[in-house]
Amino acid sequence: MKPKLFPEHLQEMQRQIEGFARELGLDFYPIVYEILDYKTMNEVAAFGGFPTRYPHWRFGMDYEQLSKGYEFGLQKIYEMVINTKPAYAYLLEGNSLVDQKTVMAHVCGHVDFFKNNYYFSKTNRKMIDGMANHASLVRKHASRLGIEKVESFIDVCLSIENLIDPMSPYIKRKNEKEENLTIDSAVPRLKAKGYMQEYVNPPEFLEAQRKKREAQLAAKQKFPEHPERDVLAFLIQNAPLEGWQRDVLEVIRAEAYYFAPQAMTKIMNEGWATYWHSTIMTGKAASAAEIVDYADACSGILASSQGQLNPYKLGVELFRDIERRWNKGQFGMEWERCDDIAEKNLWDTKAGLGREKIFEVRKLHNDVTFIDEFFTLEFCIENKFYSYDFNDRSSNWEIASRDFKEIKEKLLVSLSNRGQPVIEVVDGNVDNKGELLLLHRHDGVDLDQGHARDTLQNLHRIWTRPVNVETLVEGETKRFRWDNTGFSVHSVS
C-alpha cells in the first residue's frame with residue numbers, strides 16, 4: 001500500500017513544532033514525514049523501519065506479531081523515526097491531533113540525538129539506499145541459487161549477528177608497517193663505547209632482550225595476532241566461504257553495525273525524546289483544551305510494567321534529575337564532601353547550568369556511562385528502584401533487594417555489550433589443525449549452554465572445521481565444542 005499524502009494541516013503543525021524545538025536549542029536534520037495506516041505501519045516496523053530490506057521469513061513473523069498485538073489492543077505503534085539524512089518518520093493514520101503533535105515533538109528529540117550523539121557519528125546516514133542495495137544483492141543470489149538455500153544461510157548469519165565489536169568504529173588504530181624482525185639482529189642494545197660494552201650490555205641483559213623479541217615474533221605468528229572481537233569480520237576474511245555467502249555475511253554485518261548504536265543508547269535516546277516532547281507540549285504547543293488529552297497519552301508512555309524496565313521513564317527521569325542538580329549546583333567536590341542530609345536537601349547555589357549540562361550529556365554518553373555516572377543513591381531511593389529474582393518456592397518473581405549497589409550493578413550488567421556475552425576469536429588454527437577457538441570473556445554470568453550449542457553449530461557451518469569456545473562454568477574452565485560428531489563439553493586443565 002502506498003503511503004498517504006502528508007496533509008497541509010499536518011505540514012503546518014510540523015513547521016510549528018520544529019520552530020519551537022529550534023527555539024529551545026535542538027539541532028536536527030530535515031525530517032520527512034509519511035502517514036501510514038496501521039497495517040502499513042506494522043509492515044514497515046517489521047522491517048525495522050526500512051521497507052526496502054532483503055527478503056526473509058523473520059520479517060513476516062515480526063509482522064504477524066505486531067498485527068496481533070494491535071488487533072488485541074496489546075500494543076500500538078504511534079511513530080517510527082529512521083537515523084538518516086534527511087531523517088524519515090512515520091505517523092499513524094487515525095491518531096488524534098494531540099497525538100500527532102506529541103509524536104512530532106518526540107521525533108525532533110530523536111533526530112537531534114541521532115545528529116549530535118557521539119555514538120551515532122559513525123553510522124551510515126544513507127542507509128535507506130544501503131538497505132535497498134543489500135536487498136537487490138540478496139535477491140540476485142536467491143534468483144540464481146534458490147530462495148531456500150539463501151534464506152537458510154541468512155538464518156545461520158542472523159544467529160551470530162551479535163558477534164561484532166560495537167566499539168570498533170570509535171577506535172583509531174595506527175597504520176604501522178610490519179617490521180622484518182629477526183631474533184639476533186633486532187635485539188636492542190644500549191649505546192656505549194667498545195670498552196664499556198660488557199658492562200653496559202651484560203649477557204643477562206641481552207638474553208632478556210632476546211626473549212622479549214622472541215615473544216614479539218611469536219605474537220606475530222599467531223592467527224589472529226591479537227584476540228579479535230569482531231567475529232563476523234574474521235569469518236568474512238578467513239572462512240572458506242563462496243562468493244555469495246561472503247556477500248550475505250557482509251550484508252548482515254553492515255546492518256548489525258548500523259543498528260548497534262540504537263541498542264547502546266536506548267535509554268538515553270528515548271529519555272531525551274520524551275524530555276523534549278514533554279517540554280515542547282507543556283510549555284508551547286499544547287492548548288488548554290489539549291493538555292488533558294496530552295497528559296493521558298503521556299501517562300501511558302511513562303507507565304511502568306511489573307518486572308520490566310521502561311527506558312522512556314528511566315531516561316527522562318535521569319535527564320530531569322541531572323537538570324535539577326546542575327541548576328541547584330548539586331555537583332562537584334564541595335557537594336560530594338557534604339555529609340549533612342538536611343544541608344543537602346536545602347542546597348541551591350542558583351548555578352542554573354542544568355540545560356547546558358543535559359546537552360553535554362546527550363552528546364558524549366551511551367547508556368552504560370549514562371547510568372554509571374548519573375544513577376545516584378538519591379535517585380535510586382527517590383524513584384523506588386529494586387532488583388527482583390525468581391522464587392523457586394512460590395514460583396513467582398519477587399523483590400530480591402533494594403540495595404543501591406546491587407541494583408546499579410545488575411542494571412549495568414544488563415546494558416554492557418547490549419546484554420550479550422563478549423566473545424573473541426583467539427586462535428584460527430588450533431594445534432595447526434584449522435580449528436577455530438573462541439573465548440568467552442566471563443563477566444560473572446555463565447554462557448547458556450543451549451544457546452552456545454546452537455551458535456557453535458552455525459559457526460561450524462561457516463568455518464567447516466571444528467569450532468570451540470572456552471568459558472567458565474561454575475568457576476571451572478570448560479571448552480564447548482562442535483565438530484562432525486556434534487556437541488561436546490571438555491574440561492581444560
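For region 14-63, with equal point scatterers placed on the C-alpha atoms only and solvent neglected, what are the log10 I(q)/I(0) values from the Debye formula at q = 0.13, 0.26, 0.30 1/Å, to two decimals?
-0.49, -0.92, -1.09
Calculated FRET efficiency, residue 378 and residue 416, Cβ-Cβ r, R0 22 Å, to nearest 0.05?
The computed FRET efficiency comes out at 0.40.
Charges on Cβ only, +1 for Lys and Arg, -1 for Asp and Glu, centred on the Cα centroid of the chain; of 354, 377, 159, which one is farthest towards the dipole's positive end?
159
Tell me, what are the semi-axes, in whole angstrom and largest first, of the equivalent ellipsoid of region 306-415 as set by the roots of 5 times the Cα gyration tensor eigenvalues?
Over the Cα atoms of region 306-415, the ellipsoid semi-axes are 29, 17, 11 Å.
Between their Cα atoms, which of 68/126; 313/350; 68/410; 122/149; 126/410 are more than 30 Å away from each other? Working shown, then result.
Details: 68/126 32 Å; 313/350 27 Å; 68/410 33 Å; 122/149 33 Å; 126/410 36 Å.
Cα-Cα > 30 Å for 68/126; 68/410; 122/149; 126/410; rest within.
Could you size up the charge dipole of the chain around its Cα centre, putting +1 on the beta carbon of Lys and Arg and -1 on that of Asp and Glu, and report it in debye to the nearest 20? Mind showing how you got there, number by number?
Details: 64 positive and 74 negative charges, 302 e Å.
The calculated dipole for the chain is roughly 1460 debye.
Between residue 292 and residue 343, what is 0.36 nm times their sequence separation minus the Cα-Cα distance? Round to one decimal in nm. Provide the component values of the computation, followed by the final result.
Numbers: separation 51, 0.36 × 51 = 18.36 nm, distance 3.74 nm.
Full extension from residue 292 to residue 343 adds 14.6 nm.
Mind listing P(r) for region 242-333? All alpha-carbon pairs, 10 Å bins, whole percents.
Pair shares across the bins are 14, 29, 27, 17, 10, 4, 0.
With labels modelled as points extended 7 Å from the Cα through the Cβ direction, what inter-label distance (nm, one decimal) is found for residue 474 paired with residue 442?
Using points 7 Å along Cα→Cβ, the separation is 1.3 nm.
Per DSSP helix of 4 or more residues, -39500 (n - 2.57); summed, then divided by the residues of the chain. What does that give at 222 nm, rounded to the nearest 500?
-16000 deg cm²/dmol
When all alpha-carbon pairs of region 421-491 are counted, what percent fall beyond 21 Å?
16 percent
Could you pull the Cα extents of region 341-493 along its three principal axes, largest to smallest, in whole Å?
Extents along the principal axes: 69, 44, 26 Å.
First check a/c for region 1-151, with a ≥ b ≥ c the square roots of the eigenvalues of its C-alpha gyration tensor; if it is under 1.5, answer rounded, and if not, answer prolate when a/b is larger than b/c or oblate otherwise.
oblate
Rg to Rh for region 374-420: what is it, with Cα atoms only and Rh by Kirkwood?
On the way: Rg = 12.2 Å, Rh = 11.7 Å.
Here the Rg-to-Rh quotient is 1.04.
Sum up the charges of everything whose Cβ sits under 9 Å from the Cβ of residue 467, counting Lys and Arg as +1 and Asp and Glu as -1, but leave residue 467 out. Write down the numbers at each step before the final one.
On the way: positive: 465, 481; negative: 435, 483.
Local charge sum for residue 467: 0.
Would you please put 322-333, 78-89 in order of how densely packed they are, using the mean number of other Cβ atoms within 10 angstrom per residue and starting with the highest?
Going by the mean number of other Cβ atoms within 10 Å, highest first, we get 78-89, 322-333.
May I ask for the percentage of alpha-carbon pairs in the chain that lie more than 39 Å from each other?
Here the tail beyond 39 Å accounts for 39 percent of pairs.
Values quoted throughout were computed directly from the atomic coordinates according to the rules given, and no laboratory measurement underlies them. From a predicted model like this one, the values you see are computed outputs, not experimental measurements. Note: ideal-geometry Cβ built from the backbone for every residue, glycine included; neighbour counts use all protein chains shown.
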